[in-house]
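The values are calculated or read from the model by the stated rules, or taken from the named source; none is laboratory data. Remember, predicted model here, so these are calculated numbers, not experimental data. Because the Cβ atoms are built from the backbone with ideal geometry, glycine has one as well, and the counts that use them run over all protein chains shown.
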Amino acid sequence: MWIFNIITSVPIYYINRIKDIYKINIYKIKEKNIYSNIYGGGNSIFIKTSILESYIKKYFLKNCFPIIYISSQGKIINQNIIKRIIGVKKGGINVICCKNEGVDERIINKYKIYKMSIGNYIISSGHIAMTILIDSIIRILRGHNFCYIRKSFINEESFGKGEYYKLIECPQYNNQYLWKTKLIPAILSIGNHNIIKEWKLIKSIEYTILKRYKTWYKI
């Protein structure tokens, strides 16, 4: 079972839960007056260093899990990074989740906290980014996407395994053969699953080159 330990200064509104696959421990900072101004001036605030350190010592240092902080300064998360996090096999991660400007750099350096980013855009709170990180890990652990899915299907999705490594998913069509004068590609109706599989792989390559060309040239 994977363990997610979360220190947060904001409510966690949503976490998908699957029994026996993972466990989430949420440690809400309960002290009053937890925020301080940025030294040297600034338009935002962040959690007082002494308070954050006390929570790190109490809840994080008793395990060997890496400590992650979602920050715009961090390395942008991709599927390969998520797989490496899981591949560490330490069985969990510690996450700092805050709604503020950031974490004191002295804390980052002392406790060797990994900074990670979900992309080059701004959101209102760290718990949203934290949910994205945790959900992407759970998705691989169980192959779960909030509906019934066979675990093997995850290999053929975007950035899956084997031939689909670093490829985005091919175009999808439902079983409605004709829709508003538009037909599904004829090859999908021939009934030869090997040919269809090959077609899907070719389309995934085409889509990756057209829509994620930087990803393609890194393959």
Could you grab me the full set of residues in the range 79-103 that are at pLDDT 85 or above and not in a strand (DSSP E or B)?
Ile81, Ile82
Where residues in the range 10-40 are out of contact with any strand residue (DSSP E or B) (no Cβ under 8 Å at 6 or more places or on another chain) and modelled with pLDDT under 70, which of them is farthest from Ile86 (Cα to Cα)?
Gly40
Answer with yes or no whether Ile7 is among the β-branched types (Val, Ile, Thr), under 21 Å from Asn109 (Cβ atoms) and at pLDDT below 80.
yes
Of the residues in the range 104-127 that are closer than 15 Å to Ile68 by Cβ and at pLDDT below 85, the one that is surrounded by the fewest Cβ atoms within 10 Å (Cβ to Cβ) is Gly126
